[in-house]
There are 2 protein chains.
Amino acid sequence: MSDLHCPKNIQRIGSLLFQASGAGEAEAELATAELVKSSLLGHDSHGVMRIPEYLGFIEDGSLKTQVPIETKQTSATTAEVDCGYGFGAVGATRAIELGIEIATEQGTACVVTRRCNHVGRLGSYVHMAADAGMLAIATCNSPIYGHHVLPFGGREGRLATNPIAYGAPTAGNPIVADFSTSVSPEGKVRFYRNEGKLVPDGWILDSNGKPTNDPNDFYGPPKGGILPLGGGAGHKGYALGLLVEILGAVLTGESTTSTETFGNGVCFLVINTNSFTQTDTFRSLLTQSATYME
Amino acid sequence: MSDLHCPKNIQRIGSLLFQASGAGEAEAELATAELVKSSLLGHDSHGVMRIPEYLGFIEDGSLKTQVPIETKQTSATTAEVDCGYGFGAVGATRAIELGIEIATEQGTACVVTRRCNHVGRLGSYVHMAADAGMLAIATCNSPIYGHHVLPFGGREGRLATNPIAYGAPTAGNPIVADFSTSVSPEGKVRFYRNEGKLVPDGWILDSNGKPTNDPNDFYGPPKGGILPLGGGAGHKGYALGLLVEILGAVLTGESTTSTETFGNGVCFLVINTNSFTQTDTFRSLLTQSATYME
């Protein structure tokens, strides 16, 4: 990036655009900051290219501004956060903050979202938890319209790309992982199609269940599917995708086949590292592990 | 199986052999039952072939009989179970029972083991939790001597095959998944070597980091490695393996590079489905999902 002021400018422009569309200052700042951060980290698919998309959602009424976020604690350690279809990043931030609060007191927490718009980069939230000394796992599903991913051996999509992320504190920057449970996210297949290129082997099947490298065979019509993570061991990626589906939908009482559900189903599992070994020991042992992996 | 009495006979023989080696009746029955169940489910690698192996461990002192299991609750929802190097299945059963107890009261639980011998089939424990209406995730790591699995892009093993299992209740039998985070478990590579056969593409590298199909190139010397789950997307399998390592070792204050640590590091994350939607709703929604996946 040649202009060091550029991220600040985009932050300002994005925030003001959202505010001009009816958003409050705090939510506009937070939602824009999440997108800018993703772009700066090189994850453009979850970055500032989403600003015009979100503006479109505000215009069509699917993203609501200045809505209250309602949290409901359902047991000593579990909670549901109703995001009211406001900015997904605002709802997810509230959810992980609540998870950190509960786990700090109780040792563990499980917090899920309802009526949650696109949360952006899942890794961002587990990073916040790791910064607070927590080991956090996050999952995110999408309803039926995003079911691009084939069950192992199947030929029709039944799951979204259902990412898993986790964050853990070290003596330095936390370890953060964030990945879809399919071979590839849908956005990458779209990228190849837009570039007029063939996708690598083992990514997609056409509508007849036959391997293909032509991204147009995935989009159809008739529509093909993206393969689950794992190739010949794709039953493992499929099992992981199903776990994300269970945590994101079934656990909160949502049907995974509903055509009326809309938005991301996020689940945060938070473990206080201080409830086992001391957090400082955890940090130094994980730093040692990371060095061993290099 | 042609003789329907056969599992009962093996149960009786196994249990009596363990008892003759010093085990108490209850622990001998439970440890044998776990192995018999694995064999009946077709998972022979974790089945009755382990009876002579465990007898050897009792003889060499690494598996201790009639030792107390000590549980230490470290917060409202977290606990450590010191298995005292008794039968792994006995310790792991106590750990999942404690996880179910805590999650029933508090909504969630995280229970880890210490000084735990081979626990057998991880899926067995999450199955117990699902039978109690819980959604449970289990992970299991192994110390440095089991580090057969390569980091993505690496050429020396740094992780064990680090399995993940989960169980969730439905209206019928629970959904249970249980899989290593490497392309293949080590036992399958051994099976190919014993059969004098080549392993499939994408399973192993030789000691120079080159792809090979010859299982002897994995065993060496010099030793090669097993690839993480995911092929070209093997960074995802690697991230999952590292998560299992963090839950199994770092969280409990164990160094992942210690040459003195011995046994399985198990972590159970238990979520009470009743703390979100009602368990009956969960059961029927997951049954509906399973039908949709077919």
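Every read-out reported here was derived from the displayed coordinates using simple, explicitly stated rules and does not represent laboratory data. These numbers were taken from a predicted model, which means no experiment stands behind them. Every residue, glycine as well, gets a Cβ built from its backbone with ideal geometry; the counts of neighbours run over all protein chains shown.
Shape class of chain A from the alpha-carbon gyration tensor: rounded, with the ratio a/c of largest to smallest axis under 1.5. Beyond 27 Å in Cα-Cα separation lie the following of the pairs A:64/A:223; A:188/B:197; A:188/B:236; A:37/A:188; A:8/B:236; A:188/A:210: A:64/A:223; A:188/B:197; A:8/B:236. If you run the Gaussian network model on chain B, springs between alpha carbon atoms under 10 Å, then out of B:78, B:170, B:257 the most flexible one is B:257. Among the GluC sites (Glu not before Pro) in segment A:213-269, which ones are in a DSSP loop with at most 10 other Cβ atoms within 10 Å of the Cβ? Mind listing them? Filter output for segment A:213-269: A:260. What separates the Cα centres of segment A:157-196 and segment B:6-73 is a distance of 41 Å. Going from the fewest other Cβ atoms within 10 Å to the most, the residues B:37, A:197 appear in the order A:197, B:37. Comparing B:75, B:39, B:275 in a Gaussian network model of chain B where C-alpha atoms under 10 Å apart are linked, the largest mean-square fluctuation is found at B:75. For chain B, just give the cysteines left without a disulfide-compatible partner, judged by no other Cys Cβ under 4.7 Å. Isolated Cys, chain B: B:6, B:110, B:140, B:267.
First check a/c for segment A:6-60, with a ≥ b ≥ c the square roots of the eigenvalues of its C-alpha gyration tensor; if it is under 1.5, answer rounded, and if not, answer prolate when a/b is larger than b/c or oblate otherwise. Before the final figure, lay out the partial values.
Numbers: a/c = 2.16, a/b = 1.40, b/c = 1.54.
Here segment A:6-60 falls in the oblate category.
Across chain A, the relative contact order, built from alpha-carbon pairs under 8 Å that are at least six residues apart, equals 18 percent.
Report summary: the helix-based calculation at 222 nm, which adds -39500 (n - 2.57) for every DSSP H run with n ≥ 4 and divides by the residues of chain B, gives -12500 deg cm²/dmol. Using a Gaussian network model of chain B with C-alpha springs under 10 Å, which one of B:225, B:154, B:123 is most mobile by mean-square fluctuation? Residue with maximal mean-square fluctuation among B:225, B:154, B:123: B:154. If each label sits 7 angstrom from Cα along the C-beta direction, how far apart, in nm, is residue B:232 from its counterparts in the other copies? Ordered by increasing distance: 1.7 nm. Of all aspartates and glutamates in the structure, those lying under 12 Å Cα to Cα from residue B:72, and not within fewer than 8 positions of it along the same chain, are B:80, B:82.
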